[in-house]
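Data block below; observations after.
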Amino acid sequence: VSTTGFGIQPPLPEDWKKVILVFNGRYQVYRYNDQNQLNFHIYTGGVTGGYQVDDLLTVLTGHSYNIYYNEESYDHFFDETDHYISVNRAIPIADDLAAFAGSQIQYRNTNPARFSRMEYDLFGGIRYALDEKWIAQIYGRVEYQDYLASSLSTRNDWNLQPVLSLTYYFNEWVSARITGHYTYNNSSINVLDYQNFESGGGITFTAQF
């Protein structure tokens, strides 16, 4: 899996300093070692808005559109629109240590419609500054998925995902990150149970105009 993305945060009036507005886009490529006919691309565009209630509490809402194409034929085979609202709380513990927690509700509307669902999340984690350059983070999420299409009306999944990440900040403009996460999915339809582990890395560039 490879991902390229961007986010644009336009300047806002001083009176709106607590308002959050970000336009974002992403391009992802999924390739399989021995099943090339299954390779696909995802194009995503969206917007995130929110409000910084105080220094520790943030409310966010996001909306995005995802379109899927087969890599070989370039046939368009899947669409998804996402809409969510979340509440996030930072919990300072020490100068170099902080916890965070929150909850999120998300609606995924898909075409084909049989994968449309509601998702209810609880998440939290700990962020530790090893020094001025290195940041380690442990994150966990529990998600309940309620599938809405009549053909899958009996499907409900519990999805658990712990994540470990380590980030190095070269300066205020460039950082590099390595991550590893495990996913466990327990579905009311037994054949849809699964477990997997993924690891990867990335580089983030920030520019201010």
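Mind putting a number on the dipole of the range 91-209 about its Cα centre? Charges go on the C-beta only, +1 for Lys and Arg and -1 for Asp and Glu, and I need it in Debye to the nearest 20. Numbers along the way, then the final one.
Values: 8 positive and 12 negative charges, 84 e Å.
The calculation lands at about 400 debye.
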**OP:** Return a whole-number percent for the relative contact order of the range 141-203, with Cα pairs under 8 Å and 6 or more residues apart as the contact set.
**Re:** 28 percent
**OP:** Order 191, 163, 19, most accessible first, counting only protein heavy atoms with a 1.4 angstrom probe.
**Re:** 191, 19, 163
Subject >> Centre separation in Å (Cα based) which lies between the range 1-78 and the range 142-201 >> reply: 16 Å
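Which loop-located chymotrypsin sites (Phe, Trp or Tyr not before Pro) does the range 1-88 contain, where loop means any DSSP state but H, G, I, E or B and the Cβ has at most 14 other Cβ atoms within 10 Å?
Numbers: sites: 6, 16, 23, 27, 30, 32, 40, 43, 51, 65, 68, 69, 74, 77, 78, 84; in loops: 32, 74.
Listed in order of number, the matching sites are 32, 74.
Please state the relative contact order of the chain as a whole percent: Cα pairs under 8 Å, 6+ residues apart?
Numbers: 516 pairs, mean separation 20.4, N = 209.
Reported relative contact order: 10 percent.
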Subject >> Nearest-0.05 FRET efficiency for residue 154 and residue 20, computed from C-beta distance (R0 45 Å) >> reply: 0.70
**OP:** Count charges around residue 64 for me, please; just the other residues with Cβ under 15 Å from its Cβ, Lys/Arg as +1, Asp/Glu as -1.
**Re:** -2
Original post:
Out of 45, 180, 102, any idea which swings most in a Gaussian network model of the chain, alpha carbons joined below 10 Å?
Top reply: 180
Original post:
Most mobile of 52, 145, 37 per a Gaussian network model of the chain (Cα springs, under 10 Å)?
Top reply: 37
Subject >> In range of the label at residue 95: residues from the range 120-145 whose backbone nitrogen is under 17 Å from the point 7 Å along Cα→Cβ >> reply: 128-135
**OP:** For the chain, with a Gaussian network of springs between Cα atoms less than 10 Å apart, report the residue from 196, 88, 33 with the top mean-square fluctuation.
**Re:** 33
**OP:** Only Lys, Arg, Asp and Glu count, each charged at its Cβ (+1, +1, -1, -1), so figure out the dipole size of the chain about its Cα centre, rounded to 20 debye.
**Re:** 140 debye
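With r as the distance between the Cβ atoms of residue 136 and residue 109 and R0 = 25 Å, compute the FRET efficiency 1/(1 + (r/R0)^6) and round to 0.05.
Working: r = 36 Å, r/R0 = 1.45.
The formula returns an efficiency of 0.10 here.
The values are calculated or read from the model by the stated rules, or taken from the named source; none is laboratory data. No experiment lies behind these values; they were computed from the predicted model shown. With ideal geometry, Cβ positions are generated from the backbone for all residues, glycine too; neighbour counts draw on all protein chains shown. With ligands, DNA and RNA removed, areas are computed over all heavy atoms of the protein, side chains included. Shrake-Rupley method; radii C 1.70, N 1.55, O 1.52, S 1.80 Å.
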